[in-house]
Amino acid sequence: MTTRKLILPIFLLLTILLICCSPQLAPKLPEVTEAPAPLPMENPDAPQSPEPDAAENARSPLALKITNGHLMNSKNEKIQLKGMSLFWSQWAPEFYTFETVKNLKEEWNINIIRAAMAVEHNGYLENPQREKEKVKQIIEAAIDLDLYVIVDWHDHHAEDHLQEAKQFFAGIATDYGHHPNLIYEIYNEPLDVSWSNVLKPYHEEVISAIRAHDDDNIIVAGTPRWSQRVDLAAEDPIKGENIAYTLHFYAGTHRQELREIAKIAMEKGIALFVTEFGTTNADGDGPVYAEETREWFEFMDQNNLSWCNWSITAKDESSAALLPGTTPSGINRKENISTSGKLVRDELLESSN
Ligand code: MG
């Protein structure tokens, strides 16, 4: 190639280089911008996917977990929750309100509330939407008020209602499992039935239905004989994370013998959760056993056991925390509180909840 023939390609190359390297002469590219955020959904009833679950909870100061048989907070410290249980949802619906939960937080110092959703006796089995709505009111109140909330399948024959329980808890887990406030209690008080052959298989199925939507919130599993034989559960525990076992007592009926059973279970390494206790006899009535109840308070404090007292209702029976005629707005007036209610409220007010 002659020198003359090289002039034209070199000239063209230099021209291209000059244009590309000069900011003024370079072709203007459109600026890269982020895609516009989608507008909020106009239909509030439209299904929305839950927030990222484990990661979301790990960031929340309310996140709970169970480590070595103890309930722990997000700072990896032992935490003891103390509060009140509502009464059967079908029989005391008037207390399934935001006002109830707010008054209990502000005037009783609770940090946990339990919604006891009735299953039989004109409860969820016959009126699923009606009873679920009551529970949702309490869950949403607890979330708004930064409290923990137990959703309790309040049943004595849940092994006969397995499909209903799975469907109910899958729905609750889908709607609320991304909130660290929520604790599932999947079987209030089984009767005297086999742990390994009846209760454990029931729990495994319900837990699996929950874990499909919520991989981390605490699940509390009921134990044989009205949730007293925690030792039997400890011999054959359920595999999985963040599972606790239910211990219930009524101070007039259950005393040192039951505390010994609880100790055996705890020594085997399972976490216990007193989702319900009463200051009276096991039928919810009779005298209020103040001294026996205080022994239980001491035992629960020593062993870091969380508790809810049975119950917030205005029924004419001694375990009711409110006197007959009391409404949710009257929870904060001392003259409306029963002997049992005063004993428990005093304990709550002394706690560092
Ligand atoms: Mg969760």
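Condition test on ALA265, is it part of a helix (DSSP H, G or I) and under 25 Å from the mean Cα position of the chain (by Cα)?
yes
If a residue has to be among the hydrophobic types (A, V, I, L, M, F, W, C) and touching a Leu at 6+ places or on another chain (Cβ under 6 Å) to count, how many in the stretch 305-353 make the cut?
Total meeting the criteria: 3.
For the structure I just gave you, tell me whether THR275 is in a loop (DSSP other than H, G, I, E, B), β-branched (Val, Ile, Thr) and closer than 24 Å to HIS154 by Cα.
Against the criterion (in a loop (DSSP other than H, G, I, E, B), β-branched (Val, Ile, Thr) and closer than 24 Å to HIS154 by Cα), THR275 does not qualify.
In the stretch 93-110, is there at least one residue being touching a His at 6+ places or on another chain (Cβ under 8 Å) and assigned to a loop (DSSP other than H, G, I, E, B)? Don't jump to the end; show me each part of the working.
Looking only at the stretch 93-110, we keep the residues that are touching a His at 6+ places or on another chain (Cβ under 8 Å), and these are none.
No, the stretch 93-110 has no match at all.
What about ALA170, is it at negative phi, more than 13 Å from the ligand (Cβ to nearest atom), outside any loop (DSSP other than H, G, I, E, B) and in contact with a strand residue (DSSP E or B) (Cβ under 7 Å, 6 or more places away or on another chain)?
No; evaluated as a whole, the condition is false for this residue.
Give the residues of the stretch 85-110 that are among the aromatic types (Phe, Trp, Tyr) and under 14 Å from GLN137 (Cα atoms), sorted by residue number.
Initial filter on the stretch 85-110 (among the aromatic types (Phe, Trp, Tyr)): 87-88, 91, 95-96, 98, 108.
Selection gives PHE95, TYR96, PHE98.
Within the stretch 178-225, take every residue that is hydrophobic (A, V, I, L, M, F, W, C), in a strand (DSSP E or B) and within 16 Å of the ligand (Cβ to nearest atom) and give me the one that is surrounded by the most Cβ atoms within 10 Å (Cβ to Cβ).
VAL220
Which one of these does ASN122 not meet: (1) within 16 Å of the ligand (Cβ to nearest atom); (2) over 20 Å from the mean Cα position of the chain (by Cα); (3) polar (S, T, N, Q)?
Among (1) within 16 Å of the ligand (Cβ to nearest atom); (2) over 20 Å from the mean Cα position of the chain (by Cα); (3) polar (S, T, N, Q), ASN122 violates only (1).
Inspect the stretch 124-139 for any residue being in contact with a strand residue (DSSP E or B) (Cβ under 8 Å, 6 or more places away or on another chain), of a type outside the set (D, E, K, R), more than 18 Å from ILE218 (Cβ to Cβ) and at pLDDT 95 or above and give the result as yes or no.
Yes, the stretch 124-139 has at least one match.
Could you tell me which numbered condition MET300 fails, if it satisfies all but one of (1) within 18 Å of LYS102 (Cα to Cα); (2) assigned to a helix (DSSP H, G or I); (3) in contact (Cβ under 8 Å) with a residue 24 or more places away in the chain?
Among (1) within 18 Å of LYS102 (Cα to Cα); (2) assigned to a helix (DSSP H, G or I); (3) in contact (Cβ under 8 Å) with a residue 24 or more places away in the chain, MET300 violates only (1).
Would you pick out the residues in the stretch 278-297 that are within 21 Å of VAL220 (Cα to Cα) and part of a helix (DSSP H, G or I)?
TRP296, PHE297
Among the numbered criteria (1) over 15 Å from the mean Cα position of the chain (by Cα); (2) touching a residue at least 60 places away in the same chain (Cβ under 8 Å); (3) within 16 Å of the ligand (Cβ to nearest atom), which single criterion is violated by ALA158?
For ALA158, the exception is condition (3).
Of all residues in the stretch 303-349 being of a type in the set (Val, Ile, Thr) and outside any helix (DSSP H, G or I), which is surrounded by the most Cβ atoms within 10 Å (Cβ to Cβ)?
ILE312
The values are calculated or read from the model by the stated rules, or taken from the named source; none is laboratory data. The model shown is predicted, which means the values in this text are computed figures rather than measured ones. Positions of Cβ are backbone-derived with ideal geometry, glycine not excepted, and every protein chain shown enters the neighbour counts.
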